[in-house]
Amino acid sequence: MNILITGATGTVGKHLISHLEQRGTGQRVFYAVRKPALARDQLPGRTWQIRQFDFEDELSYRPALQQINKIFLLRPPKLTDVKRQIVPLLEEAKRSQIEHIVFLSIQGVNANTWTPHFKIEQAIKEAGLPYTFLRPGFFFQNLHQEMGADIRQRDEIFVPAQARVFNFVDAAEVAEVAALALTTEGHLNQSYTLTGTSPIDYYRVAAALSDALDRGIRYANPSIPYFLFRKLAQGKPLPFALVQTVLYRYTRIPEQERFKHTLQRLLQRPPTGLQAYLEQNRELFEPKPPLGQNKGTD
Ligand SMILES: NC(=O)c1ccc[n+]([C@@H]2O[C@H](COP(=O)([O-])OP(=O)(O)OC[C@H]3O[C@@H](n4cnc5c(N)ncnc54)[C@H](OP(=O)(O)O)[C@@H]3O)[C@@H](O)[C@H]2O)c1
């Protein structure tokens, strides 16, 4: 059994690789990466496991899919043109007789038909490819990745979410479910909403961070213009800032999607909660001096 992992160098991909290694069920795992030379230093395993692949280069699809049985598919956050950047890959997957695609989607996808994830789920079904859709809530990892600089340097969470509530989940546990779906029976044509917390707003997330870090973290709750202004001033591209705004302010999660125990059922243990995650990862939130201020004096 040969499995191809897209996004192998990303948050979920890296965890997926280590879960597949731990399971060691005899499958051969290949990494589909844009820049093999760079990926060699980042990924475990051997050179033969790395295949050059770029969603934006159709010529890379066929060689990457050679002798592959299953695919872990994600949509890189910067890609929005599903018709041009994802559908041709699905057509190639069909021609290559791929037996199973595990796709990293989002929670509440059916209520958010404007998202690329909705369009990709539809395209996978229309292609007749056997699938498993993973639909996670927001990753805990966002707190130290995209929100991390504001928390470390300003002691604040800076997202335009008002008092809206979100489910969070550990991306490592999402990856664990992906590994299960790829290596055990019973997951074909299933959709899993994956959440690790009950719905909470960012005021409560800030309070949990303050407890875990022993310093006050506030939720700034910026207006949309202030959020956009600051992200652009920080050098973020406008499309990125706009997508973030839409995600935090306008994504709709139906009530019945907010209280799911699917993750616990699949993992056969309670998922990691917010407080436990923060306590295990305290060092990722420690204040860091701004660049250029930690060089010492002569
Ligand atoms: N963050 C959340 O809270 C959350 C929640 C639910 C769902 N999701 C979904 O999860 C997905 C992102 O997963 P992630 O966080 O694991 O990814 P990530 O950490 O953002 O990494 C993106 C991966 O995609 C690769 N990539 C980028 N452009 C590529 C291209 N043109 N061709 C081939 N590979 C390319 C990157 O490789 P390089 O090393 O080459 O850059 C990297 O491995 C998104 O679709 C997002 O909507 C996220």
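The values are calculated or read from the model by the stated rules, or taken from the named source; none is laboratory data. Small disclaimer: the values here were computed from a predicted structure and weren't measured. We place every Cβ from the backbone using ideal geometry, glycine too, and count neighbours over all the protein chains shown. Calculation scope for accessible area: heavy atoms of the full protein, side chains included, ligands and nucleic acids excluded. Shrake-Rupley method; radii C 1.70, N 1.55, O 1.52, S 1.80 Å.
Worth a mention:
- Over the stretch 75-168, the ratio between the Cα radius of gyration and 2.2 N^0.38 Å evaluates to 1.33.
- Note on GLN256 and ASP201: the model spin-label points, each 7 Å out from Cα along the C-beta direction, lie 2.6 nm apart.
- In this structure, the amide hydrogen of PHE30, modeled 1.01 Å from its nitrogen in the peptide plane, lies closer than 5 angstrom to those of ILE3, LEU4, ILE5, counting only residues at least 5 positions away or on a different chain.
- In the calculated pair-distance distribution of the chain, the portion above 38 angstrom amounts to 14 percent of the Cα-Cα pairs.
- The residues neighbouring LEU267, those whose beta-carbon lies less than 14 Å from its own, together hold a net charge of +1 under the Lys/Arg +1, Asp/Glu -1 convention.
- Carbon and sulfur %, accessible surface of the chain computed with the full protein complex present, 1.4 Å: 50 percent
- Computed from backbone phi, the HN-Hα couplings of the stretch 94-108 come to 5, 4, 7, 6, 5, 8, 6, 10, 9, 10, 7, 9, 9, 4, x Hz, rounded to whole numbers (Karplus: 6.51 cos²θ - 1.76 cosθ + 1.60, θ = phi - 60°; Gly and Pro given as x).
- Charge dipole (the stretch 104-254, unit charges on Cβ, about Cα centre) - positive-most of LEU247, PHE118, PHE133: LEU247
- One chain, two ends: GLN22 and ASP214. Fully extended at 0.36 nm per residue, the span grows by 65.6 nm beyond their Cα-Cα distance.
- Computed from the Cβ-Cβ distance with R0 of 22 Å, the FRET efficiency linking LYS125 to ARG62 stands at 0.45.
- When only the Cβ of Lys, Arg, Asp and Glu is charged (+1, +1, -1, -1), the dipole of the stretch 58-215 relative to its Cα centre reaches about 500 debye.
- Rolling a 1.4 Å probe across the protein heavy atoms gives the stretch 124-269 an accessible surface of 44 Å² per residue.
- Each Lys or Arg adds one and each Asp or Glu subtracts one; over the other residues with Cβ under 14 Å from the Cβ of ARG84, this totals -3.
- Residues in the stretch 1-29 reached by a label modelled at ASN281 [backbone nitrogen below 20 Å; 7 Å Cα→Cβ]: 7-20
- Cα-based helix-to-principal-axis angle, 202-213 vs the chain, degrees rounded to 10: 80 degrees
- Placing +1 on the Cβ of every Lys and Arg and -1 on the Cβ of every Asp and Glu, with no other charges, gives the chain a dipole of roughly 380 debye about its Cα centre.
- Magnitude of the charge dipole, the stretch 108-189, Cβ model with Lys/Arg +1 and Asp/Glu -1, debye to 20: 260 debye
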